[in-house]
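Data first, discussion second: the structure below is written as structure tokens.
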Amino acid sequence: GVKGVACILKAGRECVSTAKVFWDMIVALEKAGYRAGSNLFGVPYDWRLAPTENKLCADLATVLHHVTNNTRHRKALLAAHSLGNLQLVHCLNRVFSAETLAKVKALVAIAPPFGGSPQVARVLFSGAEMVSRLIISDLETRDFARQMPAAYMLLPSERVFGNDTILSLGTGDPAAREDYLGTAADMGALLRKIEAHVGPEASGMGQAHAASLRADMWE
């Protein structure tokens, strides 16, 4: 429910500022008169998995039918953040029946990475301080991210970035002229090279990237 999408780490009754998900939005909506279980619902899901592997679509459809069948509301306004938008769009475009779609009024897309995220490519290659190094090392972050099927949904879209540089690998020192600059067209080859030369934590990277491109997750 709502608690499952509000916060991922609390200190007492308060949510840690860096761990807020929909916490502030929920507080604001409750001040405006919304009530959990009446006209405010949350649908937690396993964001590590692709929407074909987690239960988001099924759980959201269940909530939509419950709301429209058991309250005075006939349509629901959906709100999603970041990767949740891609997961939700998959449900809307590829899973939901016409009957379920008819229960959706609109989608409020908060920070949607519809074109993909170059930062995620960097994380898959190096970890890139996605999480504080005081909590987890870059190496651990990288290996964890490579085992998350949903991470590949966030790889940059060729149609959005075109031939623009999305990767910069190397020293970071322009004077050294050792940086490698790559485009989205290089992504699959680079992932396959990583897969060929490192351990099982990279298994399937090239194939996952190719599959995500074929699936057009960004549409």
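The values are calculated or read from the model by the stated rules, or taken from the named source; none is laboratory data. Please read these numbers as outputs of a predicted model, since none were measured by experiment. These area figures cover heavy atoms from the full protein model, side chains too; ligands, DNA and RNA do not enter into them. Shrake-Rupley method; radii C 1.70, N 1.55, O 1.52, S 1.80 Å.
Some points to look at:
- Accessible area expressed per residue, segment 2-97, with surrounding protein chains retained (probe 1.4 Å, Å²): 61
- Only protein atoms count toward the accessible area here, which uses a 1.4 Å probe; on segment 1-53, the carbon and sulfur part of that area reaches 55 percent.
- Potential lengthening of the chain between ASN70 and ALA19 amounts to 15.1 nm, from the contour at 0.36 nm per residue minus the alpha-carbon distance.
- Rolling a 1.4 angstrom probe over segment 78-151 with all protein chains present gives an accessible area of which 57% lies on carbon and sulfur atoms.
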